[in-house]
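Student: Below you will find the structure I want to go over with you.
The values are calculated or read from the model by the stated rules, or taken from the named source; none is laboratory data. Nothing here was measured: the structure is a model prediction, and the numbers come from that model. Using ideal geometry, Cβ is built from the backbone for each residue, glycine included, and neighbour counts are taken over all protein chains shown.
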Amino acid sequence: MPDNLRIILFGAPGAGKSSLIGALAQAGQSQTAQLGGQLVDVSGGMAELKKQAYHKGLAPTQDELREYPLAVEPLAPGQGAAQTATLIDCSGQAAQAIMASHAGLPPGSPLAQALLNADSLILLVDAGAPERGVAAIGDFVKLFQHARGQRADIAGLPVYLVLSKVDTIAEPNDTYNQWVQRIEESKRRLDQRFRTLLQDQAGLPFGRVQVHLSATAVQRPALADRAAKAEPFGVAELFRESLASARSHWKHREHAAGRLSLAVAGMLALVALLGVLAATLYYLRPSPELTALENQVRRVLPASADNRMREPIEERLKELAQIQADPHFGELAPKLRDEVEQAAAEMERYQKLYKEFQAQVIDPRFVTRDEELDKIEKSLDAFALPDEYLSAWSDTRLVQRMQKWKQDVAKLRAAAKDEEAWIGQQLDEAQRLRKQGGLVVAKSLPADQSAAWFKQVQEYLDRTPRHKRTDRLPGSTSLTYDHVYRLQRVERAFKEWEAAKRGLEDLRKLAQ
Ligand SMILES: Nc1nc2c(ncn2[C@@H]2O[C@H](COP(=O)(O)OP(=O)(O)OP(=O)(O)O)[C@@H](O)[C@H]2O)c(=O)[nH]1
Ligand SMILES: [Mg+2]
């Protein structure tokens, strides 16, 4: 077990580095489950940052580097050992100087040294100005890859590209779900931009870093369906993942170093004894290409069952195909090869089914006729998922969408029935008013009763539908009454109601 992982936070001045550490201290109190352990703030420095981030306000970090030692202890005995790590905050000014130095990492700079020694990097881009932020970070990653490449470091350093302050991108009236969608969209754009920036780096064999995307906010903004809360967003998950990947990177590096020194010792002994055998051994040692391929496999293969179908599947499939076509693929351990083949088969199957689903099943929100609702229900029932993946896929977008659409159909039907019934009552009332109107026209009612009739007719004509088109259906995040009112049967009922109103209006003219 590595006893002190080093995770560094890097980014332009004001990108939110120190706040993120403060938010982690907050998550350590209220989100231990997401964090996967009990956070221990060894020096008390994180608590201070937390106080500043949530109450006093943060000043720019002055020291080039600030260390925050921490430990994550298991939530219950027997759930593994405690993990220690040091978070390293840096001054945005020092980071900027590095990002702007095109000549390479400045030698002798403590920050550059800390970056090279880190087990994981967290690079922050302010969600408020992502374009500028990502360009600078892109320059830095190129520089950094180059510096690591020169040191022939083991590949696969975990790097987290973090879109910070995502609470600031919420729009007025966003629901929680709409906000989360907005975040996903910004992440996707950031990812695309970042890939474009790094495209010309594809050929670097060593020191290549693996980039994960995250989004964080120190607090949740005020949303249409949830109040603002001083609760970190995405912070616990980010640190949990970066700790886990830092740990596996550390192990891998140790393993590789151990393997290398063993090979060297063996070689020396054998050279002394049997020159020829030594030479053979030399050629048999694991090649850097093979290690790089193993790393690539680890990166592409899902780490756990619940993110097996994580997006973007298309790109992961492409990478798996590349891995399978690699001349060294046959040299991988048979178990690993199997895993690659099975993962590719599963993803292909999923992707094919997803496409079939999209082609066969219409979104209930676009439906206007009852028969179409029946059709969606039938296609959903007929859409069979392979038994072997049923439980593994329960959290995937496909399965969740199938469940949601089924519920949506039921909700639309129920709401349509309800509206029809309500309009039915309106029609009955019109009928009653019309009957009475006959008496008013014939002037066979006392003056006070006929005045009351005129008043009731006016009230009736002023009456509008029960719901606004923009109102949401109770318990639904995506359906509004617009979807209900567009259904033909409801539309028809509304037309009848309009006709009844017009009839009453004509009668009123006659009676005046
Ligand atoms: N709305 C919002 N503001 C944030 C968030 N994180 C940081 N900020 C604000 O952004 C400003 C800069 O935050 P810092 O954490 O000091 O940024 P830094 O990267 O440490 O900056 P330097 O130390 O100068 O490099 C502060 O005013 C914070 O309050 C966030 O998640 N949401
Ligand atoms: Mg700071």
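Student: Just one of the numbered conditions (1) within 11 Å of ligand 2 (Cβ to nearest atom); (2) under 23 Å from the mean Cα position of the chain (by Cα) is not true of residue 33; which one?
Tutor: Only one criterion in (1) within 11 Å of ligand 2 (Cβ to nearest atom); (2) under 23 Å from the mean Cα position of the chain (by Cα) is unmet by residue 33, namely (1).
Student: Return the only residue of 70, 75 being without any contact (Cβ under 8 Å) to a residue 60 or more places away in the chain, of a type outside the set (S, T, N, Q) and in a strand (DSSP E or B).
Tutor: Among 70, 75, only 70 is without any contact (Cβ under 8 Å) to a residue 60 or more places away in the chain, of a type outside the set (S, T, N, Q) and in a strand (DSSP E or B).
Student: How many residues are crowded, with 20+ Cβ neighbours inside 10 Å and either within 11 Å of ligand 2 (Cβ to nearest atom) or closer than 18 Å to residue 242 by Cβ (or both) when one looks only at region 45-60?
Tutor: 3
Student: Go through region 382-412 residue by residue and tally those that are in contact (Cβ under 8 Å) with a residue 40 or more places away in the chain, in a helix (DSSP H, G or I) and hydrophobic (A, V, I, L, M, F, W, C).
Tutor: 5
Student: I've got another one for you. Among the residues in region 74-86, are any within 16 Å of ligand 1 (Cβ to nearest atom) and under 21 Å from residue 218 (Cα atoms)?
Tutor: Within region 74-86, not a single residue is within 16 Å of ligand 1 (Cβ to nearest atom) and under 21 Å from residue 218 (Cα atoms).
Student: Right, another one. Just to confirm my filter: which helices (runs of 4 or more DSSP H) fall fully inside region 92-176 and include at least 2 residues that are under 23 Å from the mean Cα position of the chain (by Cα) and more than 22 Å from residue 288 (Cβ to Cβ)?
Tutor: Ranges flagged: 130-150.
Student: Inspect all residues belonging to region 7-14 and state whether any of them is touching a residue at least 40 places away in the same chain (Cβ under 8 Å), within 16 Å of ligand 2 (Cβ to nearest atom), of a type outside the set (A, V, I, L, M, F, W, C) and surrounded by 24 or more Cβ atoms within 10 Å (Cβ to Cβ).
Tutor: Yes: one or more hits.
Student: Run down 73, 67 and say which single residue is acidic (Asp, Glu), more than 16 Å from ligand 2 (Cβ to nearest atom) and assigned by TED's automatic domain parsing to the domain that holds residue 247.
Tutor: Going through 73, 67 in turn, just one is acidic (Asp, Glu), more than 16 Å from ligand 2 (Cβ to nearest atom) and assigned by TED's automatic domain parsing to the domain that holds residue 247: 73.
Student: Among (1) part of a helix (DSSP H, G or I); (2) exposed (fewer than 14 other Cβ atoms within 10 Å of the Cβ), where does residue 443 come up short?
Tutor: With respect to (1) part of a helix (DSSP H, G or I); (2) exposed (fewer than 14 other Cβ atoms within 10 Å of the Cβ), residue 443 is out only on (1).
Student: All but one of (1) more than 20 Å from residue 248 (Cα to Cα); (2) surrounded by fewer than 21 Cβ atoms within 10 Å (Cβ to Cβ); (3) out of contact with any strand residue (DSSP E or B) (no Cβ under 6 Å at 6 or more places or on another chain) hold for residue 74; state the number of the condition that does not hold.
Tutor: Checking residue 74 against (1) more than 20 Å from residue 248 (Cα to Cα); (2) surrounded by fewer than 21 Cβ atoms within 10 Å (Cβ to Cβ); (3) out of contact with any strand residue (DSSP E or B) (no Cβ under 6 Å at 6 or more places or on another chain), the one that fails is (1).
Student: Mind checking which residues of region 97-127 are within 13 Å of ligand 1 (Cβ to nearest atom) and either outside the structural domain of residue 239 (by TED's automatic domain parsing) or surrounded by fewer than 16 Cβ atoms within 10 Å (Cβ to Cβ) (or both)?
Tutor: Listed by number, the list holds a single entry, 97.
Student: Of (1) at pLDDT 85 or above; (2) closer than 30 Å to residue 405 by Cα; (3) under 26 Å from the mean Cα position of the chain (by Cα), residue 304 satisfies all except one. Which?
Tutor: (1)
Student: Further, regarding this structure: Can you pull out every residue in region 88-125 that is in contact with a helix residue (DSSP H, G or I) (Cβ under 8 Å, 6 or more places away or on another chain), more than 16 Å from ligand 2 (Cβ to nearest atom) and not hydrophobic (A, V, I, L, M, F, W, C)?
Tutor: Of everything in region 88-125, those that are in contact with a helix residue (DSSP H, G or I) (Cβ under 8 Å, 6 or more places away or on another chain), more than 16 Å from ligand 2 (Cβ to nearest atom) and not hydrophobic (A, V, I, L, M, F, W, C) turn out to be 101, 102, 104, 106, 109, 119, 120.
Student: For region 219-233, which residues satisfy the criterion of being in a loop (DSSP other than H, G, I, E, B), within 14 Å of ligand 1 (Cβ to nearest atom) and among the charged types (D, E, K, R)?
Tutor: 231
Student: Moving on. Residue by residue through region 475-512, note down the ones that are in a helix (DSSP H, G or I) and polar (S, T, N, Q).
Tutor: 488
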